[in-house]
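A short worksheet on the structure shown next.
The values are calculated or read from the model by the stated rules, or taken from the named source; none is laboratory data. This one's a predicted model, so the numbers in the text were calculated from it and none came from an experiment. Cβ sites come from the backbone with ideal geometry, for glycine too, and all protein chains shown count toward neighbours. What goes into the accessible areas is simple: the full protein's heavy atoms, side chains included, and nothing from ligands, DNA or RNA. Shrake-Rupley method; radii C 1.70, N 1.55, O 1.52, S 1.80 Å.
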Amino acid sequence: MGKTLFDKIWDNHVVETIDNGPSVLYIDRHFIHEVTSPQAFKGIEERGVELFRPKQTIATADHNVPTLNQHLPIKDELSRMQVEQLINNCAKHGVELYGLGHPYQGIVHVIGPELGITQPGMTIVCGDSHTSTHGAFGAIAFGIGTSEVEMVFASQSVLQTKPKTMRINIEGALQKGVVAKDIILYIIAKISASGATGYFVEYAGSTIRSLSMEARMTICNMSIEMGARGGMIAPDDTCFDYIKGRAFAPKGEAWNDAINQWTQLYSDADAIFDAEINIDANAIEPMITYGTNPGLGIAINGFIPVVETIVDEGERNNIIKALKYMGLESGASLLGMPVQHIFIGSCTNSRIEDLREVAALVKGKKKNSAVQVMIVPGSQQVAKQVNAEGLDLIFAEAGFQIRQAGCSACLGMNEDKIPNGEYCISTSNRNFEGRQGAGARTLLASPLTAAAAAITGVVTDIRSLI
Amino acid sequence: MKALKEIKSQFVPLPMENIDTDQIIPARFLKSTTRDGFGKNLFRDWRYNNNDETNPKPDFALNQSQYKGEILVAGKNFGCGSSREHAAWALQDYGFNAVVSSFFADIFKNNALNNGVLPVTVSDAFLQEIFEQNNTCLLTINVEAQTIKINTTGSTAHFDINLYKKTCLLNGFDDIDFLISRKELIAEFEKKN
């Protein structure tokens, strides 16, 4: 029997399997940030052990940093101390840090790929659930907790039970105005926020193969939002072309060797998955969420479910609670509803391609006066590219505020928050209660849908503008 | 990690599904660089009005004095979302040593086990049976036997836990000690690959 892509990489990294227990899985690359690493550094210090392979860990500051005036000391004392502790820990333990002010700084899941640190066939972990992003390169990449960060520090390995495998095949051409974010929101709405729990997902099919690396990252990024341990896509020429020439990509002879290995990374034709789902790309419309988990999404021209018709009591109660929090009505359409904020950023949608799409749509237009629009590039390098291409001028002309790289208003941790009770169309990944700030109401959508609402001030079907 | 063998306690019911780790501990409380003190902000925005500790929400179970104990019982897909281990630390710091649900998110389950907080997965029907008990009912969780019993009715369910993790819990061992003991083997693996 053939092997899945997941099995090939997993088997290559198992050091040992414990009887009736998990496997010791070797980790090639470990990303850390300021929020989920300090307790792990403290842990190994208390145990009196050194970092086993410090060169395989790369650090950045992203979650708890301001996105304005990054050259000034961080105002919030606790935030400043947390970021300083990362600087101290990295210096003390020999970890490379791309901190504030460094040209490589940015959201951990944006910088790994753009620097060529993320490569096919690797095992990659980070104390952040959106580590699944790196799976777009044909890697096993998943989020871990702080105890596991400590495990990687101490042994360059984690203990993991092998997950089941699921393949999601997406075939056909996308409708005009439909982008990667819509694909993943559609899948999550279809299988629910827990529909892939216990599985590692491979995305396959002609639609996936037609997508850019940025688009593939958006899809893999949100795998965790349906409960999956991670998501991955077999590497191909699109992937290799993206990596080639990047700062840490293999060079010369090493590049040729790498390509020879990477081209072996695919699921064999006779590989069997524990679950398989088929999606018709043409059926996907621009998506938006109305509830408080990413599975509660609808087509932009669709209607919120009528709660009385939901058979499952738990699900019905969920949606009633979500609609109450969101201030929305059962059975209603969202089209035309005024919003107050637009957030374009996060590890899901803050890459150059996302910002180019937004710029192309808003060029020569002005934002609606009732909305505030934040554009937060995913990294210093993305920000630099935005300026190089003159997109900054288009955004400034439109009245959008461009900020500096970081997780920003995705998670309600740093200074960037959405006020209580106000609506935000956000290109981020989570619409949980309070996610963007206490009482904030998040509607997840694609960068195109977010940009459309920035212009009109209301929830808008992007197809009416193009 | 301290050993965990048996828990016999009243329980706190939270019969909602998809309780994500942002609810368990909102991101604005993740600025600490230690593992301590997260319990006071557990379920912060469900516990208090306007983020005000002097203004508790009376209809939330943690604010109702009849509900107490070391066991939290919650609807399915508990712990979904962010990988923050602070969620497990907050539950433990508040006093919970076990969470019972019909379905746990993967990362939360690992984080909980790595801190000696036991995730107990039961059927939807058994979960419902627990929710139907009154607040004085005791639950008994036996790690060795892998059972959870509703003491008032005697109704008992089995739960799964892999042998390795069970041994860790019963003895208070942690994965980091285990991996440190395997460093030579890991170094050999590096040479071969």
Quick one: net charge of A:Met222's neighbours, Cβ under 10 Å, K/R +1, D/E -1?
+1
Candidates B:Asn77, B:Asn114, B:Asn134: whichever shows maximal mean-square fluctuation once chain B is modelled as a Gaussian network with Cα springs under 10 Å
B:Asn134
Kindly rank B:119-128, A:158-167 from highest to lowest mean number of other beta carbons found within 10 Å of each residue.
A:158-167, B:119-128
Can you compute the label reach from B:Lys5? Point 7 Å from Cα along the Cβ direction, backbone N cut-off under 12 Å, restricted to the range B:146-176.
B:170-172
Please list, in order along the range A:184-191, the HN-Hα scalar couplings obtained from phi with the Karplus expression 6.51 cos²θ - 1.76 cosθ + 1.60 (θ = phi - 60°), rounded to whole Hz, x for Gly and Pro.
6, 5, 5, 4, 5, 4, 6, 9
Need one value for B:181-188: mean number of C-beta atoms belonging to other chains within 10 Å of its residues' C-beta atoms.
4
Restricting to DSSP H runs of at least four residues, report the calculated mean residue ellipticity at 222 nm for the protein assembly as shown, -39500 (n - 2.57) per run over all residues, nearest 500 deg cm²/dmol.
-8500 deg cm²/dmol
Loop-located chymotrypsin sites (Phe, Trp or Tyr not before Pro) in the range A:166-248, at most 12 other Cβ atoms within 10 Å (DSSP):
none
Cross-link list A:Lys162/B:Lys149; A:Lys162/A:Lys321; A:Lys8/B:Lys165; A:Lys164/B:Lys40: which exceed 32 angstrom alpha carbon to alpha carbon?
A:Lys162/A:Lys321; A:Lys164/B:Lys40
Inter-chain Cβ neighbour average for residues A:286-296, partner chain, 10 Å:
2
Please list, in order along the range A:65-70, the HN-Hα scalar couplings obtained from phi with the Karplus expression 6.51 cos²θ - 1.76 cosθ + 1.60 (θ = phi - 60°), rounded to whole Hz, x for Gly and Pro.
10, x, 10, 10, 6, 5
Relative contact order of chain B: what whole-number percent is it, with Cα pairs under 8 angstrom and at least 6 residues apart?
26 percent
Rounded percent of accessible protein surface that carbon and sulfur make up, the range B:133-193, 1.4 Å probe:
51 percent
Portion, in percent, of the accessible area of the range A:385-459 that falls on carbon or sulfur, probe 1.4 Å
48 percent
Need the list of lysines near A:Lys92 for cross-linking: C-alpha distance under 17 angstrom, and skip anything on the same chain fewer than eight residues off.
A:Lys42, A:Lys55
Quick check: net charge around A:Val24, other residues with Cβ under 10 Å of its Cβ, Lys/Arg +1 and Asp/Glu -1?
-1
Within straight cross-link reach of A:Lys367, meaning Cα distance under 14 Å, which aspartates and glutamates are found once same-chain residues fewer than 8 apart are removed?
A:Glu397
Rounded to 0.05, the calculated FRET efficiency for the beta carbons of A:Lys251 and B:Asn171 at R₀ = 56 Å is 0.70
Using 1/(1 + (r/R0)^6) with R0 = 56 angstrom and r between the beta carbons of A:Ile87 and B:Asn151, what's the FRET efficiency to the nearest 0.05?
0.60
Roll a 1.4 angstrom probe over the protein heavy atoms and tell me the percent of accessible area of the range A:269-376 that is carbon or sulfur.
53 percent
Summarise the long-distance tail of P(r) for the range A:323-432 by giving the % of C-alpha pairs beyond 19 Å.
46 percent
Roughly speaking, what is the stretch gain from A:His102 to A:Ala269, that is 0.36 nm per residue apart minus the C-alpha to C-alpha distance, in nm to one decimal?
55.7 nm
For the range A:292-349, take N as its residue count and report Rg(C-alpha) divided by 2.2 N^0.38 Å.
1.26
Packing-based ranking, highest mean first, of B:79-89, A:76-86, A:117-127, B:147-157 given that Cβ atoms within 10 Å are counted:
B:79-89, A:117-127, A:76-86, B:147-157
Please give, to one decimal in nm, the separation of the simple spin-label points placed at B:Thr140 and B:Asn55, each 7 Å out from Cα toward the Cβ.
4.5 nm
Note on the range A:217-276: alpha-carbon gyration tensor, axes a ≥ b ≥ c; rule is a/c under 1.5 for rounded, else prolate if a/b larger than b/c, else oblate; result oblate
When you look at the Cβ of every residue in B:102-113, what mean number of other chain Cβ atoms sits within 10 Å?
5
1.4 Å probe accessible area per residue over the range A:301-419, in Å²:
42 Å²
Proximal charge balance of A:Asp354 [Cβ under 14 Å; K/R count +1, D/E count -1]
-2
Mean Cβ neighbour count within 10 Å, used as a protection proxy, ranking A:401-408, A:57-64, A:99-106 highest first:
A:57-64, A:401-408, A:99-106
Normalised by the residues of chain A, what does the relative contact order come to in percent, with Cα pairs under 8 Å and at least six apart?
17 percent
Need one number: nm distance between label points at A:Ile320 and B:Glu188, each 7 Å from Cα along Cα→Cβ, rounded to one decimal.
6.1 nm
Could you state how much accessible area is buried at the A-B interface, both sides summed, with a 1.4 Å probe, in Å² to the nearest 100?
4800 Å²
Starting from the Cα gyration tensor of the protein assembly as shown, take the square roots of the eigenvalues, sort them a ≥ b ≥ c, and report rounded, prolate or oblate (rounded when a/c is under 1.5, otherwise prolate if a/b is larger than b/c, else oblate).
rounded
Under the rule rounded for a/c under 1.5, else prolate if a/b exceeds b/c, else oblate, using alpha carbon gyration tensor axes a ≥ b ≥ c, the range B:38-193 is classed as oblate
